Amino acid sequence: MTKLTIILLFLACVVMVLIWQGKRYEKFEAGAKKVMGKVERKDERKLRPNQPSHKENWLVYSYEVEGKPYAGEDKIEFTDLWMDYSVGGDVEIYYNEANPKESHPAEVFDRRIGMTRKLTN
């Protein structure tokens, strides 16, 4: 295989993943409701124990739906949003009305679905 073929195959896989992810986001969005939550923790998690410089930022949050408490966590890949969150602060949460355990921080979800729409339309 030539380098060009490998690059084209890689790009095709990336596009397929974006399309799949976009459909998953659209399905979630169709049944999503918004509620205010609270930032419980901001974690920096190591991707690989032997490479401490490779980290992911995770937001741990809590929220209530019809008086019942829920907890969620999500990877935050957007540095500007990560910096805006503060422990103990408010955070808007989208949750799946049919399964309230399924949730995402609203700003993060909105940006993700916006990006997939731009790339797949």
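Tabulated values for the structure
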item: Residues located in segment 72-117, provided they are under 11 Å from the mean Cα position of the chain (by Cα) and among the basic types (Lys, Arg); result: LYS75, ARG111, ARG112
item: Any chance LYS75 is touching a residue at least 12 places away in the same chain (Cβ under 8 Å) and under 16 Å from ARG41 (Cβ atoms); result: yes
item: Residue count for segment 69-102, restricted to those that are of a type in the set (A, V, I, L, M) and touching a His at 6+ places or on another chain (Cβ under 8 Å); result: 1
item: Residue check for GLY114: among the small types (Gly, Ala, Ser), at pLDDT below 95 and not in a loop (DSSP other than H, G, I, E, B); result: yes
item: Some residue of segment 73-93 being exposed (fewer than 11 other Cβ atoms within 10 Å of the Cβ) and within 22 Å of ALA30 (Cβ to Cβ); result: no
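The values are calculated or read from the model by the stated rules, or taken from the named source; none is laboratory data. All of these numbers come straight from a predicted model, not from anything done at the bench. Here the Cβ is made from the backbone with ideal geometry for all residues, glycine too, and neighbour counts use every protein chain on show.
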